[in-house]
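Colleague: First the structure, which I've put down as structure tokens, then a few questions once you've had a look.
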Amino acid sequence: MEALFEKFFKEHHAEIVWENDGTLQRDMHPRLSPASSRIIAEIIADGQLTKSENDDRPYTQLSKWLVSAPQDQRVRADLAIDIPPSHIHFVPGQYRIFYDFKNTDMVLSELLSAGIEIKGNLLDFGCSSGRNLAVLRRAFASELQLFGADPAEVSIDWLQKNVADVSAVVSKQLPPLPFDDGQFDIIIAKSIWTHFSPSAGRRWFAEMGRVLKKGGHFLFSTHGPHDVASRILLNVPSPRYERYTGHESWTREGFLMDLVNTYDKTGYYFQAFKEIGYQPDLHLIKNADTADWGLMFVSPEYLKTMLPPDLSIVSRSVGRTGNRHDLYIVRRD
């Protein structure tokens, strides 16, 4: 087992981010902080926050301020959305706040680094309860018209009641979306193609191409070798692998060995959830089907075979969002 994993690390060394001491890099930071810096500047100008005296990154400083700020200051800063109730899908970050400043900054940083202007119609595909949309609305309200789509109706209902200036719709597990051809300048999709089966991923890539404008850009995340290394070396994340198809009762080691072997032979690895109740996202969807939703790992070479002809890869950044996922940007030609 150890020899198999060592071979994987060696063959994919350039696709894994290592520290100088040879350990796996665990904490990825945005190169820029476009949203957080804007919001902090406004709060400082309003006299509610002083410039940080330490080396906190803008998203960290803003998160810390929001944790301790009294309600009247949060309202004044237009950052007063509370964490949703437990029956609404919500993935908490490091701080117990609703807003996802770090990952929104990560997405915007990648777009800006690729020379993409943050303006026009933006769709958050798989938006859940709207953590990223809320940050985008607060920081880029004059540049962006915001849209969301998610198959969990309760999450969309909550979003519409709590996140202003966003047009959100309930989508289905398979295309199409209720949007016009060429409607969007930018589409983002975090932690979505990390779950789609290859067939569902292909169909949804085609749908992204349909609703994206010519010259528009689509950013999405995938599981790549860095995520595999994180699971092997750090046990992060540590899901209950026995809940996935492919074996009657997976052990962690058995699943990861099968993953490494299959990925290197085929360029991808997918196992669906065995039951709807094993995954919160599926549990919230009416008439949910587990066949096309689980864990998906994909190489750049295999990914190219999944894209329609009019979507071309602009960039790939390893291990970025969520500290583990690779971020791709594609353009509609």
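The values are calculated or read from the model by the stated rules, or taken from the named source; none is laboratory data. All of these numbers come straight from a predicted model, not from anything done at the bench. Neighbour counts are summed over all protein chains in view; Cβ atoms, including those assigned to glycine, are modelled from backbone coordinates with ideal geometry. These accessible areas exclude ligands, DNA and RNA; they are computed on the full protein's heavy atoms, side chains included. Shrake-Rupley method; radii C 1.70, N 1.55, O 1.52, S 1.80 Å.
Colleague: Please identify which residues in the range 299-318 have an amide N closer than 13 Å to a label point set 7 Å out from the Cα of Asp333, following the Cα→Cβ vector.
Modeller: Zone members listed by number: 307-314.
Colleague: How far is the Cα center of the range 250-279 from the Cα center of the range 81-150, in Å?
Modeller: 29
Colleague: Using only Cα atoms, find the angle between the long axis of helix 153-162 and the longest principal axis of the chain, and express it within 0 to 90 degrees, rounded to the nearest 10.
Modeller: The helix 153-162 is inclined about 20 degrees to the chain.
Colleague: Would you mind getting the accessible area per residue of the chain, heavy atoms of the protein chains only, 1.4 Å probe, in Å²? Could you put the intermediate results ahead of the total?
Modeller: Working: 14950 Å² over 333 residues.
Counting only protein heavy atoms, the per-residue value for the chain is 45 Å².
Colleague: Here's something else I'd like to know. Quick one: which of 232-240, 98-106, 323-331, 111-119 comes out on top by average Cβ neighbours within 10 Å, and what's the full order, highest first?
Modeller: Highest-to-lowest ranking by the protection proxy: 98-106, 323-331, 111-119, 232-240.
Colleague: Still on this structure, please answer the following. With only alpha-carbon atoms counted, please give the Rg and Dmax of the chain, in Å.
Modeller: Just the Cα atoms of the chain yield Rg and Dmax of 19.8, 60 Å.
Colleague: Ok, one more. List the residues of the range 294-333 whose backbone N lies under 13 Å from a point placed 7 Å from the Cα of Asp27 along the Cα-to-Cβ direction.
Modeller: Counting backbone N atoms under 13 Å from the label point, the list is 323.
Colleague: Could you bin all the Cα-Cα distances of the range 285-333 into 5 Å bins starting at 0 and give me the percent of pairs in each, rounded to whole numbers?
Modeller: Computed distribution, short to long bins: 5, 15, 21, 21, 16, 15, 7, 1.
Colleague: Give the carbon-plus-sulfur fraction of the accessible surface of the chain in %, rounded to a whole number; probe 1.4 Å, heavy atoms of protein chains only.
Modeller: 49
Colleague: A follow-up question, please. Quick one: net charge around Leu79, please, counting Lys, Arg +1 and Asp, Glu -1 for every other residue with C-beta under 11 Å from its C-beta. Intermediate values should be presented prior to the final figure.
Modeller: Numbers: positive: Arg74, Arg76, Arg137, Arg138; negative: Glu42, Asp78, Asp82.
After counting each charged neighbour, the total is +1.
Colleague: Another one. Net charge within 13 Å of Gln183 by Cβ-Cβ distance, Lys/Arg positive one each and Asp/Glu negative one each, not counting Gln183 itself? Walk me through the numbers before you get to the answer.
Modeller: Details: positive: Arg210, Lys213, Lys214, Arg332; negative: Asp180, Asp181, Asp185, Glu207.
Surrounding charge for Gln183 is 0.
Colleague: Another question about this same structure. Give me the net charge of Gly22's neighbourhood, meaning all other residues with Cβ under 15 Å from the Cβ of Gly22; Lys, Arg count +1, Asp, Glu -1. Each step should come with its number before you reach the end.
Modeller: Values: positive: Lys10, Arg26; negative: Glu6, Glu19, Asp21.
With Lys, Arg at +1 and Asp, Glu at -1, the net is -1.
Colleague: Residue by residue through the range 166-172, what is 3J(HN,Hα) from phi via Karplus (6.51 cos²θ - 1.76 cosθ + 1.60, θ = phi - 60°)? Round to whole Hz and write x for glycine and proline.
Modeller: Coupling constants for the range 166-172: 10, 9, 10, 10, 7, 9, 9 Hz.
Colleague: Taking all pairs of distinct Cα atoms, average 1/r, flip it, and tell me the Kirkwood hydrodynamic radius of the range 244-328 in Å to one decimal place. Walk me through the numbers before you get to the answer.
Modeller: Details: mean 1/r = 0.0673 Å⁻¹.
Result for the range 244-328, one decimal place: 14.9 Å.
Colleague: Please list the equivalent ellipsoid semi-axes of the range 77-123, computed as the square roots of five times the alpha-carbon gyration tensor eigenvalues, in descending order and whole angstrom.
Modeller: Working: eigenvalues 133, 30, 25 Å².
Those come to 26, 12, 11 Å.
Colleague: Pull up the cross-link candidates among the aspartates and glutamates for Lys7, meaning alpha carbon to alpha carbon under 18 Å and not fewer than 8 places away within one chain.
Modeller: Within reach: Glu15, Asp227, Glu253, Asp258, Asp264.
Colleague: With runs of 4+ DSSP H residues as the only contributors, calculate the mean residue ellipticity of the chain at 222 nm using -39,500 (n - 2.57) per run, divided by the residue total and rounded to the nearest 500. Kindly include the intermediate steps, with their values, before the conclusion.
Modeller: Working: 12 runs with 121 residues, N = 333.
Helices in the chain give a 222 nm mean residue ellipticity of -10500 deg cm²/dmol.
Colleague: Further question on the same structure: Given labels modelled 7 Å from the Cα in the Cβ direction, how far is it in nm from Tyr302 to Glu242?
Modeller: About 2.6 nm separates the two model spin labels.
Colleague: Further, regarding this structure: By a straight-distance test (C-alpha under 28 Å), which lysines pair with Lys102 as possible cross-link partners, with residues fewer than eight away in the same chain excluded?
Modeller: Candidates past the 8-residue exclusion: Lys51, Lys64, Lys119, Lys161, Lys190, Lys213.
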